[in-house]
Each structure stands twice: as C-alpha cells, then as structure tokens.
Amino acid sequence: MSKPNYWFFKKILSIKEVKKINKLINRKKYPAEPDEYKARNSKGEIIKFLKTYIVKLDKFKKQLNRLYQQVLMTNRHHWGYDLFELPIEELYGHYNIYESTTNDTYDWHVDSTKNSYVDIKLTVLINLSEKQFEGGDLCMHESGDPFIVHELKEPGSMVIFKSYIRHTVTPVKKGTRKSLTVFLEGPKFR
C-alpha cells in the first residue's frame, strides 16, 4: 500500500458509497470556491482550472469516518506528524470536478496555508468519479523525475501524501474526474 512519497488504498469506497456521497453533495447547494481564493503561481496567475465546491464533512460522517481513521492511523505509523485530530464533523473538503469538455487541469503546486500558526501537513485525495476518465492524472515530483500516481484512477480509491510535495493534475481528456480533497493541519513545522 505504499509507494515513495505517498500511501494509497485501492477501492476503499465501493461504487455504491461513491454514488451516495455524490448524491448527498449534489442535493445540497454548496458554495463554489471564489476566484480570489483559487491557487495562483508566484506571478499571481490562476493555476487551478476546474470547479471546486467547499463541503463540510459532517453530512458524510457515516461514509468517511472509516477513511479518516485510516488516514490518522497511517500518519501515526508512517509519518508521525503532529496533527490537529479534529472530529470529522469539523472538517471541510474540496469537492473538485474536472470536465473533459474544458480540459480542466490543476498546474504544479504544493498545498499550503497563509495561516502563520499552522501548516497543512497531509493531503488526502479520494476519487469520487463514478466512471473511468482519461487524463486527469495525479503527478508528483519530489526528487528525480515526476511520476504518475496510477492508484488514484480507480473510483473509490484514496491517496495520502505529504502536502509539501509538488503535484499536478493533468488535463482531463475524456469524461469527468470527481474528487474530494481534505487537508490535515497541525502546528507549524519547526
């Protein structure tokens, strides 16, 4: 279940659970991420070209608590980061929809916060796509050549990685890529 730089869990959610989460998200009108909050490069140019909705995870506690506990256990056993282990009801996620009709993509970046007292330490990605898609590959680059995280392509799969690792999502060429991203924070790195 491990590869350099990340941990993965193939099909940790069944397709039935994936459909249930998508249905719950689509039933409620969550706010779209405003343009002023979209990720930007050092020149101030937007690098995130997709639809993102901010969702509170309290409505998905039944489906996601098992995954959240798995993430916390993986951290304790493999990274040992000091995390704010909040109840899942207090966490938010980014529900990301990448469409092939607009070649949606997310350029190279690291996950960080402007909060001067905390750091994002782990990024959790859950594939909520109900059907296969083409493109939309998660690529990482820490040292050596960039590599594709193939394990995330399966609907219901989950990947956990250190948030400071550079990563990108390539343009979606066919179909729709849906994912839920959860950022786990802790005290500033020292």
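The values are calculated or read from the model by the stated rules, or taken from the named source; none is laboratory data. A quick note: this is a predicted structure, and the numbers were derived from the prediction, not measured. For neighbour counting, all protein chains shown are included, and Cβ atoms are generated from backbone atoms with ideal geometry for every residue, glycine included. To get the accessible areas, we keep the full protein, side chains included, count just its heavy atoms, and leave off ligands, DNA and RNA. Shrake-Rupley method; radii C 1.70, N 1.55, O 1.52, S 1.80 Å.
Take Val149 and decide whether it is at pLDDT below 95, surrounded by 17 or more Cβ atoms within 10 Å (Cβ to Cβ) and not charged (D, E, K, R).
yes
Going residue by residue through the stretch 11-19, is there one that turns out to be closer than 25 Å to Ile148 by Cβ, open to solvent by 80 Å² or more (accessible area, probe 1.4 Å), assigned to a helix (DSSP H, G or I) and of a type outside the set (A, V, I, L, M, F, W, C)?
no
Hey, can you tell me all the residues within the stretch 171-186 that are surrounded by 16 or more Cβ atoms within 10 Å (Cβ to Cβ) and more than 13 Å from the chain's Cα centre (by Cα)?
Pro171, Val172, Gly175, Thr176, Glu185, Gly186, listed by residue number.
Take the residues in the stretch 152-170 that are assigned to a strand (DSSP E or B) and more than 27 Å from Tyr30 (Cβ to Cβ), then tell me which one is most open to solvent (accessible area, probe 1.4 Å). It would help to see each step written out before you state the result.
So in the stretch 152-170, the residues assigned to a strand (DSSP E or B) come out as 158-162, 166-169.
Okay, now just the ones that are also more than 27 Å from Tyr30 (Cβ to Cβ), so 162, 166.
Details: Lys162: 46, Arg166: 104 Å².
Of everything passing the filter in the stretch 152-170, Arg166 is most open to solvent (accessible area, probe 1.4 Å).
For the stretch 33-51, enumerate the residues that are open to solvent by 60 Å² or more (accessible area, probe 1.4 Å) and not charged (D, E, K, R).
If the condition is that a residue be open to solvent by 60 Å² or more (accessible area, probe 1.4 Å) and not charged (D, E, K, R), then Tyr37, Ser42, Phe49 are the ones that fit.
Report, by residue number, each residue of the stretch 136-145 that is open to solvent by 60 Å² or more (accessible area, probe 1.4 Å) and free of Cβ contacts under 8 Å to residues at least 60 places away in the same chain.
Within the stretch 136-145, Ser143, Asp145 qualify.
Are any residues in the stretch 24-50 modelled with pLDDT under 95 and of a type in the set (D, E, K, R), and if so, which ones?
Arg27, Lys28, Lys29, Glu33, Asp35, Glu36, Lys38, Arg40, Lys43, Glu45
Against the definition (within 23 Å of Ser14 (Cβ to Cβ), touching a helix residue (DSSP H, G or I) at 6+ places or on another chain (Cβ under 6 Å) and assigned to a strand (DSSP E or B)), how does Val182 come out, yes or no?
no
Checking the conditions here, which among Arg66, Arg76 is more than 18 Å from the chain's Cα centre (by Cα), over 17 Å from His109 (Cβ atoms) and in a helix (DSSP H, G or I)?
Within the list Arg66, Arg76, the selection yields Arg76.
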